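What follows is a short report on a single structure.
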Amino acid sequence: MGKSVLFIIVVFIMIMAGGDVSGNDVNADSLFNSAGVKYENRQYASALSDYLKIGQSGYKSAPLYYNIGNCYFKESELGYAVLYYLRAQRLDPTDDDISGNLEFVRQFMPVTLEGVKINPFITFMDSIVSPFTLNRLAWISSILFILFVLFLCAVIYFQFDGIFVRSVGYILVIVLLVSSVMTTYKYRTDYMTVRGVVVAAEAGVYSGPGEDHDFEFNGAAGLIFEIERAEGGYYLVIFENKRKGWINKENVEII
Amino acid sequence: MRLKIPVLVLLVLLPVAISAQDDYSISMSISPDRIGLYDQATLIITVTGPQQNIPEPNLPNLSMFEVYSKGTSTNISFVNGKVTSSLKYQYLLQPKRKGSFVIKPVTLVVGRNRYSSDEVTLTVMDQGQATSPEAMNQSRTSSGSRREVFLTAEVDKKKVYVNQQVTLRVKFYHTVRLFSQPEYAAPQTTDFWTDMLEPQRTYYETVDGRQYKVIEINSALFPTRSGELTIGRAQVTVSVPAPRKRRNDPFSAFNNFFDRGVPETVRSNPITIEVLPLPSAGKPKGFSGTVGKFSLKSTHDKSTVEVNEAVTVTYKISGTGNIKMVAEPEIGELDDFRIYRASSSEKISKLGEIMGGTKIFEEVYIPRRSGQLTIPPVSLDFFNPKTKKYRTLKTKPIVLNVKQAEVDDDYGSAVRFGPASGRVIDPNARDIGYIKSTPGKLEKGKPLLLVTPLYLVMNGIPALLLIAVIIGSRYREKLASDIGYARSRAARKMARKRLAAARKLAGAGKADAFYAEIRQALFSYVADKLNISPHGLTGDKLIGIFEDAGAGDEDIENAREILRQADFAQYSSARLPQEKTSEVLIEAEKFLVKLESVKLG
């Protein structure tokens, strides 16, 4: 009886969490391995094709995106390399290889953004949020919330009191607040804000949605931006130096 | 009688149907019946029948030809009130080999009848032996002796090396007004890498004393293998004026006005080219097959740099030949530098009939150490078909003065990178990290926890639990602090306990104790509900309370009866029968239930 209840709970959690109970597809694994061999033999285009095939069949993982980024870099496609490293980083922000490669390839960006102002709050938030995925933060804040509620229930029901109980209470409240703020910030920056990367070697940025508007400056592969809105075939974007402009959708990819 | 009309109709229509089937015919012809290997013949199948929906004929085996449909045409005629349809199918046959080919009869099945044509024979000969379509074109002229439209194809060289340019010049000549834009079908050029040269030219040229307007289309062809290669026929389809039988027609001017032309297709002759393999004598090691005449230059953006500062070296290959096929100069691994491909571009130029251009490769060299370092020369091998010799070009070595890097922490790397200011590569980074050997957990579209129902459940259940605990706690506090409330809430439970005890006493035959317990149950219940002492309560007071609470007369009477029986039993020695005690018990329980609905006090 107990085991069947446990089984039902486990299945329920997996379904609710939308987890993938099956293992990796055999073809995807073998394709991944063969792509690795091709990469080793410096057949970067062929390796890239195999990795992309895995991605096109719906699979995603941080190592897959990381390897795609490597192939693109070796093929001198800087914009796509940055794009896939960022996609990999979203899935696994703790991987130093991803952030290392991202930093490395961005050194080859042919255009420099002048006047990038660093917001200390955003920098601080980014530094504490970056090691976590949004799902991990959501789990942490949920578990903390459950612990906090159980603690409150115990305090109320059993009428616990004293300096220790109060200290535990305050700590739990603070930790819960911090995790909730981090979750909200991560959700806002990673999912509410649509970000993109310039993938074309050159991409004109205009004052309006079309080439008939004033030309502002030339964007280049690897530049990251936030999308404010879309109109026709153009996005209104904000680059990291807060410069705004309209850019052709064909020259960019959404992260 | 009801069957008579359909039978009659059938009898009337049957002979018509039979006669209709009998009127079908099918014929097949081919024109011309003798062609060259690279020529085409038109197979015409004509089906005639009495109705418009003529069934489709069954074609014979034509596997020895490439078959292209030229479409169908329908003709309906009325002769002596009789309708006759004629459907003509036209197919273009291009032979795959020489020989005499018998095309079996084409058949048509209508109902149970089967019709078939005669067989035809097509003779395919070596090119030049047959009457070519051009010769046929010549016959269709306004004067009867000269061509009005024709197409020629020629090449500048008939003997070339592999990957050496051959210029194909296709000319469309016409002396008549064209009713449509000429549709050009390029020749088949298997085993050639092809690129169009300059846009088509239009000019006038005199041929056999007659001035023609010429449209010339030029292409550059690069053979990809040695041997005898054939450039197929080019083809132009255009509408030209229809031939007129009566030359002295006074209404010819009107005819010209209404003339929409007839389609005319002209084809060029196929051309065979001898392609020589590149000579093996003097062939450089690792030769990539570049043919033409090229120059190689290298430039670098700076000569003095710091360690890990990027130097961009641009290799420029220019010349004539198939520039698209020119391979990147081979650059080996260097101990002193890390090397990255920055970009490559090519610019094709077409100088008249000669194909050429420029190909630029940019390589980024990042010095690993300080000192005077040399970027070694790169080389380009190509075969020059004019001199018939291989040639190797080399760039000059590039000497760099590399200084130790000065680390400046005041700037983030983001503002220092870029070719304009020179790239500064992270000194600790040697190259991008190597690929991952395992794919990790490949997942298909795992949703965000935040948007799954699990998240709602995980956070909702504790919230509900907390609310329940708070409500429970407040209830408990009220019970503890408000005695009247606590007694009131416990009144029913206590009364039930007493009634249960009374039931036990009744079972034990203790009538006096039983009634005392019944009486106590009722008195305690009321006292608890009103938060008063049960000791001061009497039967009359209890009844008075019921009356004040607005209890019904029947209920009050029941209460009186229970109390009366209790008094009677308690103060008399008479033994009550068992069924009487049960009756009293049930009445007491009913009465308690009634009391629950009466608001006391």
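Points 7 angstrom from Cα along the Cβ direction at B:Lys157 and A:Thr123: gap in nanometres?
Taking the two extended label points, one gets 6.5 nm.
Given a 1.4 Å probe and the protein chains all in place, what does the accessible area of B:Ile30 round to, in Å² to the nearest 10?
30
Loop only per DSSP, at most 16 neighbouring Cβ atoms within 10 Å: give me the trypsin sites (Lys or Arg not before Pro) in the stretch B:444-541, ordered by residue number.
Passing both the DSSP loop test and the Cβ count: B:Lys510.
If the reach is capped at under 12 angstrom between alpha carbons, list the aspartates and glutamates near B:Lys529, excluding any in the same chain fewer than eight residues apart.
Candidates past the 8-residue exclusion: B:Glu596.
So if we plug the beta-carbon distance of B:Thr304 and B:Glu198 into 1/(1 + (r/R0)^6) with R0 = 60 Å, what FRET efficiency do we get, rounded to 0.05?
0.85
Expressed as a rounded percentage, what relative contact order does the stretch A:16-106 have, with Cα pairs under 8 Å and six or more residues apart?
20
Of the listed pairs B:Lys283/B:Lys394; A:Lys249/B:Lys324; B:Lys324/B:Lys394; B:Lys497/B:Lys590, which have alpha-carbon separations greater than 24 Å here?
Violating the 24 Å Cα-Cα cut-off are A:Lys249/B:Lys324.
What is the stretch B:292-415's relative contact order, in percent, from Cα pairs under 8 angstrom and six or more apart in sequence?
Computed value for the stretch B:292-415: 31 percent relative contact order.
Ignoring ligands, DNA and RNA, what percent of the 1.4 Å accessible area of the stretch B:292-415 is carbon and sulfur?
Roughly 46 percent of what the probe reaches on the stretch B:292-415 is carbon or sulfur.
In chain A, which longest range has no GluC sites (Glu not before Pro) that are both DSSP loop (not H, G, I, E or B) and surrounded by at most 14 other Cβ atoms within 10 Å?
Formally, the longest exposed-site-free interval is A:1-113.
A:Val37 versus B:Phe179, label points 7 Å from Cα toward the beta carbon: distance in nm?
Computed distance between label sites A:Val37 and B:Phe179 equals 6.4 nm.
Starting from the Cα-Cα distance between B:Asp512 and B:Ser379, subtract it from 0.36 nm times their residue separation and give me the gain in nm to one decimal.
Extra length from B:Asp512 to B:Ser379 when fully extended: 35.2 nm.
Could you compute how much accessible surface B:Leu278 exposes when probed at 1.4 Å, giving the result in Å² to the nearest 10?
About 30 Å², rounded to the nearest 10.
State whether the stretch A:16-106 is rounded, prolate or oblate according to the following rule on the C-alpha gyration tensor (a ≥ b ≥ c being the square roots of its eigenvalues): a/c under 1.5 gives rounded; otherwise a/b larger than b/c gives prolate, and the remaining case gives oblate.
oblate
Given springs between every Cα pair under 10 Å in a Gaussian network model of chain A, which of A:Leu48, A:Leu150, A:Leu83 has the largest fluctuation?
So, out of A:Leu48, A:Leu150, A:Leu83, the one fluctuating most is A:Leu150.
Mind scanning B:Lys213/B:Lys350; B:Lys159/B:Lys347; B:Lys285/B:Lys389; B:Lys171/B:Lys347; B:Lys158/B:Lys285 and naming the pairs with a C-alpha gap bigger than 20 Å?
Violating the 20 Å limit, Cα to Cα: B:Lys213/B:Lys350; B:Lys159/B:Lys347; B:Lys171/B:Lys347; B:Lys158/B:Lys285.
Longest segment of chain A with no trypsin sites (Lys or Arg not before Pro) in a DSSP loop having at most 15 other Cβ atoms within 10 Å?
Here the longest run is A:118-241.
With every protein chain present, what is the per residue accessible area of the stretch A:195-254 (1.4 Å probe, Å²)?
It amounts to 47 Å² per residue over the stretch A:195-254.
Taking a cut-off of 18 Å between Cα atoms, list the aspartates and glutamates near A:Lys60, but don't count ones fewer than 8 places away on the same chain.
A:Asp20, A:Asp25, A:Asp29, A:Asp50, A:Asp92, A:Asp95, A:Asp97, A:Asp190, A:Glu253, B:Glu443
Put A:Trp246, A:Trp139, B:Trp193 in order of accessible area, largest first, 1.4 Å probe: what do you get?
The most accessible residue leads, giving A:Trp139, B:Trp193, A:Trp246.
Put one equal scatterer on each alpha carbon of chain A, apply the Debye formula with no solvent term, and list log10 I(q)/I(0) at q = 0.09, 0.11 1/Å to two decimals.
Each listed q maps to, in turn, -0.57, -0.78.
When a/c is below 1.5 the answer is rounded, else prolate if a/b is larger than b/c, else oblate, so apply that to the stretch A:195-254 with a ≥ b ≥ c taken from the square roots of the Cα gyration tensor eigenvalues.
Judged from the Cα gyration tensor, the stretch A:195-254 comes out rounded (a/c under 1.5).
For A:Lys242, list the lysines whose Cα falls under 21 Å from its own Cα; do not include residues on the same chain fewer than 8 positions away.
A:Lys117, A:Lys186
Accessible area of the stretch A:195-254 with a 1.4 Å probe: how many percent of it is carbon plus sulfur?
40
Could I have the simple spin-label model distance between B:Ser73 and A:Gln159, label points 7 Å from Cα toward Cβ, reported in nm to one decimal?
11.0
Take every Cα pair under 8 Å in chain A that's 6+ residues apart, average their separations, divide by the length, and report that relative contact order as a whole percent.
So the answer I get is 16 percent.
Using only protein heavy atoms and a 1.4 angstrom probe, determine the accessible area buried between B and A, summed over both sides, in Å² to the nearest 100.
Protein heavy atoms only, the B-A interface buries about 5000 Å².
Measure off, as a whole percent, the carbon and sulfur share of the 1.4 Å-probe accessible area of the stretch B:483-597, all protein chains present.
Reported share for carbon and sulfur atoms: 51 percent.
Based on the Cβ-Cβ distance from A:Glu240 to B:Val457, what FRET efficiency comes out when R0 is 35 Å, to the nearest 0.05?
The formula returns an efficiency of 0.35 here.
Would you kindly find the accessible area of A:Phe148, with a 1.4 Å probe and non-protein molecules such as ligands, DNA and RNA excluded, rounding to the nearest 10 Å²?
Surface accessible to solvent at A:Phe148 totals approximately 40 Å².
Using a 1.4 angstrom probe, figure out how much accessible area the stretch B:483-597 has per residue, in square angstrom, rounded to the nearest whole.
Per residue, the stretch B:483-597 has 55 Å² of solvent-accessible surface.
Just to confirm the number: angle between the C-alpha axis of helix A:120-129 and the first principal axis of chain A, 0 to 90 degrees, nearest 10?
It works out to around 70 degrees.
The values are calculated or read from the model by the stated rules, or taken from the named source; none is laboratory data. Bear in mind that the values here come from a model prediction, so they are computed numbers and not experimental data. Please note: Cβ atoms are built from the backbone with ideal geometry, for glycine as well, and neighbour counts cover all protein chains shown. Side chains included, ligands, DNA and RNA excluded: accessible areas come from the protein's heavy atoms. Shrake-Rupley method; radii C 1.70, N 1.55, O 1.52, S 1.80 Å.
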